[in-house]
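What follows is one structure encoded as structure tokens, with my remarks underneath.
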Amino acid sequence: MRELRKYIGEGAARLDAATPVDRDRAVDALRAFAILGVVLGHWLVTALVADGGALHTASPLQHMPWLAPISWAFQTLAVFFLVGGHVATRSYTSARARGTTYGAWLTARLSRLFKPVAAVLTLWTVAAAGLLLTGAEFGTVHTLVKLALSPMWFLVVFAALTAATPLLTRLSPLWPLAVVLHVDLIRFGLGGPAWLGWVNVAAGWLVPYTLGAAWTRGELERRRAGWVLVAGGAVATAALVAWAGYPASMVGVPGAAVSNLNPPTLAAVTFGLAQCGLALLLRDRLRGAMRRPAAWAAVALVNLSAMTVFLWHQTALMATTATGLLAGRLPGLHTVPDGLGWVAARLAWLPVFALALAVCWTAFRSYEQGGRRGGAPRVVRRHRPTERTRSVEVHGV
């Protein structure tokens with residue numbers, strides 16, 4: 001065990017030494033936090049309940065709405081879009097300075113985004129066909145496939161915003177925020193059509209994305225900007241929940257009349273503003289924490305496989321549930337999430353879920369990392385002096 005710790009410590013030290021000194025490690029830390037927040041949040045609020053021979057989704061927030069603060073801690077997509085906007089804007093600016101065409105730049109970024117998708121689609125196409133051919137109920141297969149492929153919506157939105165980056169580098173976040181406000185006013189205040197809410201899928205995530213572009217422009221460096229976002233976002237969200245009838249949960253709850261996330265509502269966007277403000281305020285602390293080789297190694301590892309972890313975590317969740325069925329109907333895996341006993345059991349199963357996700361990561365990470373052999377990882381690779389500005393770029397999503 002001592003030799004193993006020594007080996008890990010030496011590896012972390014080498015990775016730390018290979019990282020350019022001017023790299024902003026806080027960016028990578030925020031991105032890793034956002035990915036892991038989504039993964040852990042899904043594990044805690046998504047249940048697959050065994051009902052006879054079928055499985056259906058449920059949520060502890062249905063039965064215990066006072067657990068809504070869990071969704072506040074783990075619904076971290078706004079931070080991901082903040083970092084994504086910052087990185088894409090910086091990357092595009094750097095590409096233009098080097099004379100790289102828009103097409104070449106976009107192809108490079110989207111290839112990193114979509115390479116891992118093919119493996120997910122292939123496996124679940126085969127799995128769904130196999131389940132149906134062996135007599136599984138269509139409803140169960142539909143539930144499983146929908147859950148496994150649910151992360152895809154994120155990729156479509158993120159890819160669209162990435163493609164539009166040249167048009168968004170100077171866009172104020174107030175413009176998409178105003179769109180979200182008016183869409184919700186028409187939907188909920190004036191009785192407008194429900195389909196209008198889907199406009200917010202683009203407008204809602206455009207708010208943190210353009211905040212990321214403002215970060216790149218240097219407009220959010222002062223701590224005052226972070227405090228304004230935290231205070232303004234928190235107060236607005238509290239007011240919307242308390243007096244405008246928005247749900248307290250920042251994730252969708254099965255059976256609820258309104259979801260804050262599907263599509264995004266004004267409350268989800270203002271909550272995201274508060275999260276982005278907190279992320280900006282934590283930058284200095286994260287930079288300090290990332291000076292520790294072990295902490296930086298962990299963050300770098302997550303960043304190198306961010307899409308693999310994100311795309312396969314729902315499959316790992318279902319694999320854990322399905323494997324548990326071999327031992328019967330187990331608390332925290334197959335039972336109705338209607339009490340604190342379920343929460344305790346769910347937390348106890350977390351290491352098994354982590355192991356299943358590690359297996360998926362081992363099997364499919366090469367699709368994201370491109371099968372590289374040797375050399376420094378992209379996340380820490382040094383760049384030529386003429387490309388110094390690229391050294392702070394997050395080479396993933």
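The values are calculated or read from the model by the stated rules, or taken from the named source; none is laboratory data. Bear in mind the structure is a predicted one, so any value in this text is a computation, not a measurement. Here the Cβ is made from the backbone with ideal geometry for all residues, glycine too, and neighbour counts use every protein chain on show. SASA here: full protein model, heavy atoms, side chains in, ligands and nucleic acids out. Shrake-Rupley method; radii C 1.70, N 1.55, O 1.52, S 1.80 Å.
The numbered conditions (1) more than 16 Å from residue 44 (Cα to Cα); (2) modelled with pLDDT of 90 or more are all true for residue 319 except (1). For region 5-18, the criterion of being at negative phi, surrounded by 19 or more Cβ atoms within 10 Å (Cβ to Cβ) and either free of Cβ contacts under 8 Å to residues at least 60 places away in the same chain or assigned to a strand (DSSP E or B) (or both) is met by no residue. Of all the listed residues (190, 220, 196, 211), the sole one being free of Cβ contacts under 8 Å to residues at least 60 places away in the same chain and in contact with a helix residue (DSSP H, G or I) (Cβ under 6 Å, 6 or more places away or on another chain) is 196. Please work out if residue 46 is open to solvent by 10 Å² or more (accessible area, probe 1.4 Å) and polar (S, T, N, Q). Yes: the conditions hold for residue 46.
Taken over region 199-249, the criterion of being buried (at least 23 other Cβ atoms within 10 Å of the Cβ) and of a type in the set (S, T, N, Q) is satisfied by 200, 210, 237, 249.
Pick from 108, 95, 148, 129: which is surrounded by 17 or more Cβ atoms within 10 Å (Cβ to Cβ), in a helix (DSSP H, G or I) and free of Cβ contacts under 8 Å to residues at least 24 places away in the same chain? After ruling out the rest, the residue left standing is 95. The residue that is surrounded by the most Cβ atoms within 10 Å (Cβ to Cβ), among those in region 50-74 that are modelled with pLDDT under 90 and part of a strand (DSSP E or B), is 55. Checking the structure you have, find out if any residue of region 293-300 is in contact (Cβ under 8 Å) with a residue 24 or more places away in the chain, aliphatic (A, V, I, L, M), within 21 Å of residue 45 (Cα to Cα) and part of a helix (DSSP H, G or I). No - not one qualifying residue is present in region 293-300. Screening the candidates 323, 315 for the property of being open to solvent by less than 50 Å² (accessible area, probe 1.4 Å) and among the β-branched types (Val, Ile, Thr) yields one hit, 315. Within region 337-369, being open to solvent by less than 60 Å² (accessible area, probe 1.4 Å) and of a type in the set (Phe, Trp, Tyr) holds for 342, 353, 364.
When residue 103 is tested against (1) more than 26 Å from residue 173 (Cα to Cα); (2) of a type in the set (Gly, Ala, Ser); (3) in a helix (DSSP H, G or I), exactly one condition is not met: (1).
Scanning region 151-198 for residues that are polar (S, T, N, Q) and either in a helix (DSSP H, G or I) or surrounded by 15 or more Cβ atoms within 10 Å (Cβ to Cβ) (or both) yields 162, 165, 169.
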